[in-house]
Amino acid sequence: MMHLKILRISLGGLLAISFSIGADIPNVFASNDCDKALSIFWKGKYTYQKARKYRFYEVAINLCPGFIRPYELIGNLYRKDGETEKAIDYFTKAAELGTTNYKLYYLLASLQFQRGDLDEASTNLKKSLSIRDDYQKSLELKRKIDQASDKDGPKIILFEPTTRRGIKTVFKYKSETVTTRGMATDKSGVSWVRINQMDAPVDERGNFLKDIPIQLGSNAILIEAADTIGNRSSVSVHVEREEISLPEISRIDSAAQPSHFYDKSYAVVIGINDYEKWPALEFAVNDARVVEKKLQLTGFEQITIIFDKEATQRRILTELFHELPQQVGRNDRVLFYFAGHGQTEELPNGGKRGYIIPVDADTSNFSSSAISMDQIRSLSARIPAKHILYVMDSCYSGLGLNRSYGVSPQLSGYLRKVASMRVVQIVTAGGKGEQVQERGGHGLFTNYFLRALDGDADINNDRVVTGTELGAYLRPNVSDASHNAQTPLFGRLEGEGEFLFFMEKK
Amino acid sequence: MKRIRVFIKAIFLVVLAIFLQRCATQTVSIEIENSLPQSKLAYYNDSFDKLREDLWEKAGFTFSQAQLRQFRAADLTIEDGVLRIKTKTGGFSKGGLVSKYKLGGDFDVQVECHMDFLVGKQDMDQVLGFGIVERGKKTGEMRGIFLGLLKRGESGESIIHSNYGEKGKFHPGNWHRTGDFYGTLRFVRTGHEISTLYKKQGEKQWRKLNTFPSTRNDAIVGFALQNFIVKRNSITAKSSIIAKFDNFKINAAQEIIEEEI
């Protein structure tokens, strides 16, 4: 019979079930009896009658004022009964007692939000999300609070053309485009940036960059941005494009000389063999030395040479960003020669971005320690020279080149025309994934570059090699000589003029 | 006559032994269809590395004024990744955790537990329970289903058993004798039935204790240790009992309904 006896002994009520609530609400206990408060609390939890729930929870609080849970549940009863102020009071007490209940902070924030207390709601919502950052209700309320409190559009800072607060500034440009670069930030995130109604790409930090075409005379550049909520902001700047005075025809004789077209000729020549982290190269410095000599012979007066360990990212950028813009005039030419590594980055949007690799660049995180084509484009806009040519004896793509041919060579006065128009041109030794070939103590590309300046690229025998002639010569010749292992890329970053090389006098 | 009584007793014990043996070796295969994905269930699993207040609140229900007057909450501590519950002496004492969410539809939940019964303690009971409470929307629509270990003060026997209760009445089920228990307790609800199962440490197959009718109402889940049975009205409890719980797991559930707060 023991069997049956045992079976009658129930485990029922370990958690509590309704028929066990026989005891009425007690009022005979001393305060500060938290053990009994726990039991009373459970009676409140399991009763179906709302009035009894209130009473049980109140008794639990009276017995144990530091017992957090009854405050939370009474607060929620008041919330559901529409008594917002009482609900907030109880929720606030639970919060003051240090609850870690992310739902309580959410409910408190939602009541405060309904009441219009955006700051308090935001504070409690932060607490909720600090406890559980993926709680959907809190995230949704955060969006609502952000929308309600954010009435401003993104903050726009313009780096180029630079503006001065409160001063209407007019910039004078000779080129047909102006690089517009800046940053748009907003706490809800930037949705888009448009410059003169054209979409500008924006990176995750809010940086934007776009070349904007400008007309002769005064041009307004309007930068607009919108945040994810839809708030908009804008800044504008005025730029003026000047008509370029062409060189006097009388100065051009049959033997064209640099002085006929340029006031001064600058070159920055960089060669890197001994990289800190990238594989060493053998002939890059040697190539740079030979190019420097050739440039001296073809009319370049100011040549800056930067080799190996000096060729850091900072030094190269300083040269392009600071030194050259200070020295160079509007009727000058600038040649930038780089012999070293290049790299191509695949962008998330499917595009590519090319980099030249300074001596101190990382191998894994090169995008922050190398120099990108975006930077080169941007820096070119700072150099006021009429003609700029980048000669890169390294392989990479993602140049963002303009493939237009510019002015037709068949036109009369061709040289005069192209000499008068601004241009930034670039030629690289090869594209993405190609290896620079080295032969006879030189890089193959530089070898043909030197030959081009000797006159091999002078297609029309006018003793002037234009940038386009240089590209037209290097591309097939280097490709053939390397058995298609490297095919130079050539194009314009800006403008329709032509960089001009002049044959040395024999 | 005496010989006949002895013979009948012997026959009864043999039949009982056969019955219990059959229960003990029964293999169990219960599948829950259309369960939430494990990625969603995983949030609710608890290995008791810390006390997760987002999932649980402390149990502490008593059944009478007499129990309430002498009630002392048991100590809950986390030790080496295990939840340890220790009852207090000198009164009715209880400790445990109850879910802050409800399980909807079919479900399959389990918890590991470990309890060494004290010997010769007649001044208190030793009760470890794993429970499901199906709670309807009206008074009287509540049903509790329990699976646990019991050693009543007056009895020297420790057993594992399960039962269910509603409207003030308990419905007993099968029970097995057991000594100290190291193993896993499990509930599986499919359709309008809920099965109670257990598995001792080292065993591969589950033993099904009972299958009870289910209301299909949304259910909270919890577990507790206490030193008293429902009907006990006086207690001295000179000793503490200790149980350990680990690895609460929702193997499957068609729905999990969180409390508003």
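The values are calculated or read from the model by the stated rules, or taken from the named source; none is laboratory data. Keep in mind that this is a model prediction, so the values were computed, not measured. Backbone-built Cβ (ideal geometry, glycine too); neighbour counts: all protein chains shown.
Could you please find all residues in segment B:133-148 being acidic (Asp, Glu) and more than 17 Å from the chain's Cα centre (by Cα)?
Correct list: B:Glu141 only.
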### Message
Take residues that are of a type in the set (Asp, Glu) and facing chain A (nearest Cβ under 8 Å) and tell me which of the strands (runs of 3 or more DSSP E) falling wholly in segment B:127-194 contain 1 or more.
### Response
B:158-166
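Taking only segment B:171-210 into account, find how many residues are farther than 15 Å from B:Glu134 by Cβ and among the β-branched types (Val, Ile, Thr).
Of all residues in segment B:171-210, those farther than 15 Å from B:Glu134 by Cβ come to B:172-186, B:197-210.
From the residues that got through so far, the ones that are among the β-branched types (Val, Ile, Thr) too are B:178, B:184.
Going through segment B:171-210 one residue at a time, the tally reaches 2.
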### Task
For segment A:305-312, state whether one or more residues are more than 19 Å from A:Cys395 (Cβ to Cβ) and in contact with a Pro (Cβ under 9 Å, 6 or more places away or on another chain).
yes
### Message
Please go through segment A:342-382 and give me each residue that is among the basic types (Lys, Arg) and either crowded, with 22+ Cβ neighbours inside 10 Å or out of contact with any Phe, Trp or Tyr (no Cβ under 7 Å at 6 or more places or on another chain) (or both), ordered by number.
### Response
A:Lys352, A:Arg353, A:Arg377
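Grab the strands (runs of 3 or more DSSP E) fully contained in segment A:206-273, keeping just those with 2 or more residues being in contact with a helix residue (DSSP H, G or I) (Cβ under 9 Å, 6 or more places away or on another chain) and at pLDDT 85 or above.
Working: elements: A:207-213, A:217-227, A:232-241, A:265-271.
Qualifying strands (runs of 3 or more DSSP E): A:265-271.
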### Hits in segment A:190-205 - residues which are over 19 Å from A:Pro348 (Cα atoms) and surrounded by 14 or more Cβ atoms within 10 Å (Cβ to Cβ)
A:Arg194, A:Ile195, A:Asn196
### Message
Suppose we filter segment B:43-76 for residues that are away from every other protein chain (no Cβ under 13 Å) and exposed (fewer than 14 other Cβ atoms within 10 Å of the Cβ); how many remain?
### Response
1
### Query
If we only count helices (runs of 4 or more DSSP H) wholly inside segment A:1-113, which ones have 1 or more residues that are modelled with pLDDT of 95 or more and buried (at least 21 other Cβ atoms within 10 Å of the Cβ)?
A:34-46, A:50-63, A:68-80, A:84-96
### Query
Of the residues B:Leu197, B:Leu209, which is crowded, with 19+ Cβ neighbours inside 10 Å, away from chain A (no Cβ under 14 Å) and either closer than 25 Å to B:Phe48 by Cβ or in contact with a strand residue (DSSP E or B) (Cβ under 8 Å, 6 or more places away or on another chain) (or both)?
B:Leu197
### Query
Do we find that A:Asn484 is within 21 Å of A:His260 (Cβ to Cβ) and polar (S, T, N, Q) in this structure?
no
### Matching residues in segment B:27-67 - criterion: being free of Cβ contacts under 8 Å to residues at least 12 places away in the same chain, over 28 Å from B:Glu203 (Cβ atoms) and under 22 Å from the mean Cα position of the chain (by Cα)
B:Arg52, B:Glu53
### Message
Considering only residues that are under 21 Å from B:Thr236 (Cβ atoms) and either among the β-branched types (Val, Ile, Thr) or free of Cβ contacts under 8 Å to residues at least 40 places away in the same chain (or both), which ones fall in segment B:68-103?
### Response
B:Leu68, B:Arg69, B:Phe71, B:Arg72, B:Ala73, B:Asp75, B:Ile85, B:Thr87, B:Thr89
### Message
Looking only at residues that are under 19 Å from the mean Cα position of the chain (by Cα) and buried (at least 20 other Cβ atoms within 10 Å of the Cβ) in segment B:233-243, which one is nearest to B:Lys100 (Cα to Cα)?
### Response
B:Ala243
### Task
Go through the residues of segment B:238-260 one by one and say whether even a single one is under 21 Å from B:Ala59 (Cβ atoms), part of a strand (DSSP E or B), without any contact (Cβ under 8 Å) to a residue 60 or more places away in the chain and β-branched (Val, Ile, Thr).
no
